[in-house]
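**Student:** So that we are looking at the same thing, I have put the structure below in structure tokens.
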Amino acid sequence: MAVRRSPSLSGKQHAALAALLAVCLTVTAMAWRHQRDMGIEQANARFDRQLATIQTALIERMQGVVDLVVAARALTATGPVTAERWRAFVGSLDLDHRLGVDGLGYIAAVRGEAKGEFESRMRRERPNFAVVPPGSRTVHYVLSHIEPGRNTTVIGLDLATFPSRRAAAEQARDEDAPILSEKVRLVTPAGAENDLVVFLPVYAPGATPHTVEERRRALIGWVAAGLHAQALLDGLGGPDPSIHMHVFDGPPVPAESLYESTLPDPSGGGLERERTIPLLGREWTVRFHTGAAFHRDGDDRTALLMLLAGLTSTICLWWGAFSLMAARARGVAMAMALTEEVRTSRRRYRSIVTTTQQGYWEIDGLGMTTDVNPALCTMLKAERAGLVGRSALDWVAPHHRHLLERHLARRATTPQSQVEIDLVRGDGMIVHAQLQATTLFGRDGGVATSFAMVADVTHLRRAESALKESERRYRGLVENIQDGLMIIVDGRLRFVNEPFARMVGHRADALIGTDFRALVAPEDRRMVEERYRLRLAGLDVPQEYCCRLLWRAGSERVIALLHTAVIEEADGALATVGTVKDVTAQRRGDEQLRLLWHAVENSPVSVMVTDAEGRILYVNPGFVAMTGYGSAEVAGRTPRLLKSDQTPPEAHTAMWQSVLSGQRWSGIFRDRRKDGAVVALATSISPIQDDNGVITHLLAVQSPLATSPPIKFS
């Protein structure tokens, strides 16, 4: 800029003015450069904040998947997994609105020798169920249930044949933690190249394994969630598409690429970052770089305006005024940056508190509620305005208020604590809640505020109560069952009930730990040992059979009917459960009936049995020989077909009066044979009565009189 020389100014003054102008221009240039560098620093800071937001969103999405499989594992603790229960549970989760989740499945861990039994059990729900691929293996990880229903075509798939899936499942089993697989292609209809599976182990009910060996023994299966990487990772950056993201499963090489976002205008990119994010047992490498849209936020325009302002200020203001303005501008920029940081932190805090599925409860030093989130309002069936400003004790059930009072009193010495109490909802219902509380202190060291994450454990406590009730009923059944009951592990009795102990003449506690084969009679011992061995091997042997047991290890035999099955104990051992019925008296009765039947069938006299109305039910060979009628000819007919006119009617009347009054009648009938001959028969007819004295059958025994030859009718 040219400076017009004033005639009133001396040369030194002009020189001083030129020097002052040069100094002002130099200072202006320095201020412009400083503003440009500050813009670059702000862009980097903004870039890092957005990357932190993306990383947090990714971890929260993956935590949402973990919450799904944890909830599914909790379902398995309440009872056996069936198709109906699994479908109802997964249907309640609304998976269609959960980003990236293709389906939720249950994988059963099946030993090779138990494969056939497992397939038979599953075919009760799915008639065409089979483990695929077919073949014998030491262990099978069989996908037995999966929902939504569009994925049921993969039921029966043995995941043990897929190395990457098997490795992730076994890592989850050994660590008792959710584990993410390497990238795979789901075999469901919607499967793609870049898919993932999250595995969470399921252990036997009641098992609490602590070591790897204990976890392997207690394992019964996994809960698994299939994920699509594209859907899981889309939209992590929010509505701003100016940041490009490339995700790798492990090192950043093309073969491990999981996801790459699209960038509308990559030509203006300038900032790059690479982050390693640990996720469920794996490490993802994520590369970020910015597009042109990221740098269109006015940073360069601000620097240009600063230059123009500096030039204008140089002409219009003294150096002191310009210096004050520059300092003020820098102060304003720093204040705005700090203000934005505070606003971002508050928005992040409010977003977490608002969207979390657990309740959030903030209480001041006096025990008054200062903040709650929507989840807590839903849990307590109350509006936010009805919670804030009221004492926290107002929402605690009377029988648990002393617990919360004691918890609040200890906040100064116990900043981290947990308490489980009953809360009262707005509609008067009780909610079993678990509070994880943290206390913050003020500058004076006193309690400033406490906040707690509140989990509704009502369903969990009900499930625990139902389990205890089930155990009580089981023990009542075992203690009151009339049949003998025994459990055998490794050939020795682990449990017997009192009826079984009485059956073999011992005390129940004296039998525990003894070899069960010592109770079997020598003549049946080999058969019982062989069936026990084959049943443990998974082979098909009769579940019910008879054998002879020794009474007090002596020579007296007890005939027992055994019904056995193989189960797995909580410690992983195979156990044989058997019910035992003493059928000694029944077998002896059967033997007596067999002898009686043989005597009747081979008796030379005629024996006939009718119902109460006189319809013939049975005749023996003696009747056939004596009358000439076959048993099939007389079945269902009455003895009238033998009646002849040579027996006085008074004899029949007397007979019926006697038997209907419950008395046996004896006399002589002259009956007609099939060939027409009439024979005189000594007859004895007896009524057969039930326990109530009601006549149910009639028994007739007849033999011919030796002095009365048959009479032939003309």
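**Student:** Let me understand the stretch 474-544 better: what is its radius of gyration from the alpha carbons, and its Dmax, in angstrom?
**Tutor:** 12.9, 36
**Student:** Can I ask one more? Based on Cα coordinates alone, diagonalise the gyration tensor for the stretch 80-202, multiply each eigenvalue by 5, take square roots, and list the semi-axes in whole Å, largest first.
**Tutor:** For the stretch 80-202, the semi-axes come out at 21, 19, 14 Å.
**Student:** Same structure again: Need the C-alpha centroid separation for the stretch 615-688 versus the stretch 482-550, integer Å.
**Tutor:** 53 Å
**Student:** So if the hydrodynamic radius of the stretch 644-698 is defined as the Kirkwood radius over C-alpha pairs, what does Stokes-Einstein give as its diffusion coefficient at 25 °C and 0.890 mPa s, in µm² per second?
**Tutor:** On the way: Rh = 12.3 Å.
D, rounded to a whole number, is 199 µm²/s.
**Student:** Relative contact order of the chain: what whole-number percent is it, with Cα pairs under 8 angstrom and at least 6 residues apart?
**Tutor:** Values: 1154 pairs, mean separation 47.1, N = 714.
Here the relative contact order equals 7 percent.
**Student:** How much length would be gained if the chain were fully extended between R472 and M368, taking 0.36 nm per residue of separation minus their Cα-Cα distance, in nm to one decimal?
**Tutor:** 33.1 nm
**Student:** What would the Debye equation give as log₁₀ I(q)/I(0) for the stretch 412-490 at q = 0.15, 0.21, 0.24, 0.26 Å⁻¹, counting only Cα atoms as equal point scatterers?
**Tutor:** Taking Cα atoms of the stretch 412-490 as identical point scatterers yields -0.75, -0.99, -1.10, -1.16.
**Student:** List, largest first, the extents of the alpha carbons of the stretch 112-156 along their principal axes, each in whole Å.
**Tutor:** 30, 18, 12
**Student:** Here's something else I'd like to know. For M336, tell me the accessible area in Å² from a 1.4 Å probe, rounded to the nearest 10.
**Tutor:** 130 Å²
**Student:** Which label marks the calculated value of Rg/Rh (Cα atoms, Kirkwood Rh), given the options (i) 1.00; (ii) 1.38; (iii) 1.29?
**Tutor:** (iii)
**Student:** Can you tell me the equivalent ellipsoid semi-axes for the stretch 349-478? Use √(5λ) from the Cα gyration tensor, largest first, whole Å.
**Tutor:** 30, 17, 14
**Student:** Take the alpha-carbon positions of the stretch 417-550, form their convex hull, and give its projected area averaged over all directions (one quarter of the hull surface) in nm².
**Tutor:** So the mean shadow area of the Cα hull is 15.9 nm².
**Student:** Next question, about the same structure. Could you look at the chain and say what percent of its accessible area is carbon and sulfur, using a 1.4 Å probe and all protein chains?
**Tutor:** Roughly 56 percent of what the probe reaches on the chain is carbon or sulfur.
**Student:** Treating each Cα of the stretch 581-714 as an identical point scatterer and ignoring solvent, apply the Debye formula and state log10 I(q)/I(0) at q = 0.11 Å⁻¹.
**Tutor:** -0.44
**Student:** Label T514 and A625 with points 7 Å out from Cα along Cα→Cβ: what is the distance between them in nm?
**Tutor:** 5.3 nm
**Student:** Given R₀ = 51 Å, what would the calculated FRET efficiency be for R137 paired with E256, taking r from the Cβ atoms and rounding to 0.05?
**Tutor:** For R137 and E256, the calculated efficiency is 0.95.
**Student:** I need the calculated FRET efficiency for the pair Y349 and K381, taking r as the beta carbon distance and R₀ as 25 Å, to the nearest 0.05.
**Tutor:** Taking R0 as 25 Å, the efficiency between Y349 and K381 is 0.45.
**Student:** Continuing with the same structure: Between Rg and the Kirkwood Rh of the stretch 427-472, both from Cα atoms, what is the Rg to Rh ratio?
**Tutor:** 1.29
**Student:** So, one more: If you stretched the chain out fully between A177 and A88, how much longer would it get, using 0.36 nm times the residue separation minus the C-alpha to C-alpha distance?
**Tutor:** 29.5 nm
**Student:** Moving on to the next point. Stick to Cα atoms and the Kirkwood definition of Rh, then tell me Rg/Rh for the stretch 29-92.
**Tutor:** 1.53
**Student:** Send over a whole-number figure in Å² for the accessible area per residue of the stretch 516-652, probe 1.4 Å.
**Tutor:** That works out to 57 Å² per residue.
**Student:** Hey, another quick one. What FRET efficiency would be calculated for the residue pair E498, L539, taking the C-beta separation as r and a Förster radius of 35 Å, to the nearest 0.05?
**Tutor:** 0.60
**Student:** Rounded if a/c is under 1.5, else prolate if a/b is larger than b/c, else oblate: which is the stretch 72-128, with a ≥ b ≥ c the root eigenvalues of its Cα gyration tensor?
**Tutor:** Prolate shape, in that a/c is at least 1.5 and a/b is the bigger ratio.
The values are calculated or read from the model by the stated rules, or taken from the named source; none is laboratory data. Computed from a prediction, not measured in an experiment: that's the story for all the values here. In this analysis, Cβ positions are derived from the backbone assuming ideal geometry, glycine residues included, and neighbour counts consider all displayed protein chains. Accessible surface areas use protein heavy atoms only, side chains included; no ligands, DNA or RNA. Shrake-Rupley method; radii C 1.70, N 1.55, O 1.52, S 1.80 Å.
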